[in-house]
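The values are calculated or read from the model by the stated rules, or taken from the named source; none is laboratory data. Just so you know, these numbers come straight off a predicted model, no measurement behind them. A quick note on method: Cβ atoms are made from the backbone with ideal geometry, for glycine too, and the neighbour counts reach across all protein chains shown.
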Amino acid sequence: MNLQILKSKIHKAVITQADLHYEGSLGIDQDIMDMIGLFPYEKILVTNINNGNRIETYAIPAERGSRCFLLNGAAARKGSVGDRIIIMSFASMSPEEALNHHPKVVVLNERNGVEMTKGPVVLP
């Protein structure tokens with residue numbers, strides 16, 4: 001049996017742009033993706049702290065160091081610029097693997113700068 005376990009999380013990111021007509025999903029600063037081991041086009045769950053909306057989509061890299069979070073396409077209807085979101089990715093693992101697993105977590109401030117990290121995060 002395998003379990004779906006939290007692999008990584010970006011907590012309290014601020015949406016910097018929402019573009020209904022852009023093809024895609026959620027653009028995330030590549031530096032922040034690297035910190036938590038999030039891959040381009042990896043499936044993510046996004047929850048909006050401001051309005052409670054939840055969406056499943058995929059991550060696309062945004063410009064390194066930009067601190068941008070770009071909600072694109074139909075997902076743009078689920079949030080507005082300035083909303084705070086939580087971005088999570090999950091991994092399938094055995095119960096034995098799960099016992100020793102520690103998710104990579106980055107908590108961001110109001111400017112999308114790193115406020116705190118938890119787990120085996122890789123800082124740039």
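The figures follow:
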item: Residue that is surrounded by the fewest Cβ atoms within 10 Å (Cβ to Cβ) [pool: residues in region 90-124 that are touching a helix residue (DSSP H, G or I) at 6+ places or on another chain (Cβ under 8 Å) and β-branched (V, I, T)]; result: V122
item: Single unsatisfied condition, G24 versus (1) buried (at least 20 other Cβ atoms within 10 Å of the Cβ); (2) modelled with pLDDT under 95; (3) touching a helix residue (DSSP H, G or I) at 6+ places or on another chain (Cβ under 6 Å); result: (1)
item: Filtered residues of region 4-31 (kept if within 11 Å of M88 (Cβ to Cβ), in contact with a Leu (Cβ under 9 Å, 6 or more places away or on another chain) and among the charged types (D, E, K, R)); result: K7
item: Candidates I32, I87, filtered to the one that is surrounded by 15 or more Cβ atoms within 10 Å (Cβ to Cβ) and in a helix (DSSP H, G or I); result: I32
item: Pairs, first assigned to a loop (DSSP other than H, G, I, E, B) and modelled with pLDDT of 95 or more in region 1-16, second charged (D, E, K, R) and buried (at least 17 other Cβ atoms within 10 Å of the Cβ), C-beta under 7 Å, six or more apart; result: I15/D83
item: Selection count where residues are surrounded by fewer than 16 Cβ atoms within 10 Å (Cβ to Cβ) and either out of contact with any Lys or Arg (no Cβ under 9 Å at 6 or more places or on another chain) or among the hydroxyl-bearing types (S, T, Y) (or both), scope region 6-21; result: 3
